[in-house]
Amino acid sequence: MLLRRSYLYILLFTCLLTACVGDVKEKDSFSAHNSVPSLDQVISPIDKSAFYFIEIVDFLAQDTILLNRQTEAFFELVIRNLFTGKEEIFYRTAHPIIMATPNPDNSKIMVQESINETSARLSVINLKGELLWEKDYVGTEVQWYWNPYRMNEVYVQSFAQDWSFETERVQLDQNFSENISFEYPFFQWIHADEIIYLDWDPEILQQTTNLVKKNLQTDETEILAQNAYAFSVQDGVLIIFSVVEKEKPYAQITVLQLDGTTVFSYHEPLQNSFSENLLVPQFAYSAFQNGLLFYLTDESEEGFQLYFGSDEKLEKLDQPYKGMLPICTYAKSPYILVGYQKEWIYNMNTKQWYSMYQE
């Protein structure tokens, strides 16, 4: 039971950290459309009325987004220009699309489809809709990790009911996959041959542990932080959430360059869930402003509020809603997407909010 609870706890943080975040996205497949938007460009809202379901998955470029939507007959992945509204359907399937995750250069998409109540299908497609790899998984949870240093490589981990897991390394350019011995669930790359992970003890329920860096070639390890409970690599920085003891426990939020140089660091009161576990606020790193966008509890107002933090300072962003919602950024774009369905977009240059959907 403790093993299961520990991995459930880890999976909670993994889901929070992988929602609409990713590794460095300096290159993309939309160079012809990737100019920095001018301040007076107007967002073209999406008409939701023709679809049973629609969500914005992520940015693909500064002016391009990836949509996941359901029509009467199909489930679709769509490329859409933020400003012209021009769309291109590049993938259709008869099965519900549970998740779609671009690789770091946005040239390929990992798609998870629900085949039936007990099985899921993972497929990798390119932006022409061409199938590069697929595999069905029965009765398991799956998690995948694009390698930002090898764009044709992805690691897939499948979990059994007892939370034991197997790891596959998939080489897309060779149409080849193999099971490998890999003892670390929920990891991220920090260099070409180095990963980082939280060193949870699977036999006990922990709330904090060491954040460890491991060289996969030499097996050398290094502790990067103690009392950590979450981390993420985004846009060339490492973000660490750890606990520090002052007059009461606080969340220490540290942003580092990948060479270890501190960008900024500060502490905030811990966010608590109904189960009294540590809760990572929804967040994303903004390379445009060199700071974090995230939700914290506002004691003067009910609910969670969106803040921008950098250099030990917090600035509250006026927003047309309240809630603890996913946040998406892209490279050095001034735009951020916010909301359960990314229904709001904010321009950090003009400090204006726009609705992504027609009323």
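Taking 0.36 nm per residue of separation and subtracting the current Cα-Cα distance, fully stretching the chain between GLN226 and HIS95 would add 42.8 nm. Note on LYS48: accessible area approximately 80 square angstrom, rounded to 10, probe 1.4 Å, nucleic acids and ligands left out. Evaluated with a Cβ-only charge set (Lys, Arg +1; Asp, Glu -1), region 148-202 carries a dipole of roughly 200 debye about its Cα centre, given to the nearest 20. A dipole drawn for region 75-178 from +1 and -1 charges on Cβ atoms has a positive end, and of PHE159, ILE79, LEU132 the residue lying farthest that way is ILE79. The solvent-accessible area of THR64, taken with every protein chain present and a 1.4 Å probe, is close to 10 Å². Peptides 196-207, 229-240 ranked from most to least packed, by the mean per-residue count of other Cβ atoms within 10 Å: 229-240, 196-207. How much of the accessible area of region 72-175, probe 1.4 Å, is carbon plus sulfur, in whole percent? Looking at region 72-175 in its full context, I get 45 percent from C and S. Considering every alpha-carbon pair of region 115-192, the percent of pairs per 10 Å bin, from zero through the bin containing the longest distance, is 16, 50, 30, 4.
Rounded, prolate or oblate, given the Cα gyration tensor of region 206-265, with a/c below 1.5 counting as rounded? Cα axes put region 206-265 in the oblate bin.
Rg over Rh of region 182-239, using C-alpha atoms and the Kirkwood radius, what does it come to? On the Cα set of region 182-239, Rg over Rh gives 0.95.
Convex hull volume of the C-alpha atoms in region 90-135, normalised per residue: 65 Å³. Remark: for residue pairs LYS48/LYS86; LYS316/LYS342; LYS108/LYS135; LYS135/LYS342; LYS214/LYS248; LYS86/LYS128, the C-alpha separation exceeds 22 Å in LYS135/LYS342; LYS214/LYS248. For LEU131, what accessible area in Å² do you get when you roll a 1.4 Å probe over the heavy atoms of the protein chains, rounding to the nearest 10? LEU131 exposes around 100 Å² with every protein chain in place. Modelled spin-label separation between HIS191 and ILE115, with each label point placed 7 Å from Cα along the Cα-to-Cβ direction: 4.0 nm.
Assign one of three labels to region 66-155, namely rounded, prolate or oblate, based on the Cα gyration tensor with a ≥ b ≥ c the square roots of its eigenvalues; rounded applies when a/c is under 1.5, prolate when it is not and a/b is larger than b/c, and oblate otherwise. Verdict is oblate for region 66-155.
Measure off 7 Å from each Cα along the Cα-to-Cβ vector at LYS48 and GLN257, then give the distance between these two points in nanometres to one decimal. About 4.2 nm, to one decimal.
The values are calculated or read from the model by the stated rules, or taken from the named source; none is laboratory data. This structure is a prediction, so every number in the text was calculated from the model and none was measured. We place every Cβ from the backbone using ideal geometry, glycine too, and count neighbours over all the protein chains shown. For accessibility, only protein heavy atoms count, side chains too; no ligands or nucleic acids. Shrake-Rupley method; radii C 1.70, N 1.55, O 1.52, S 1.80 Å.
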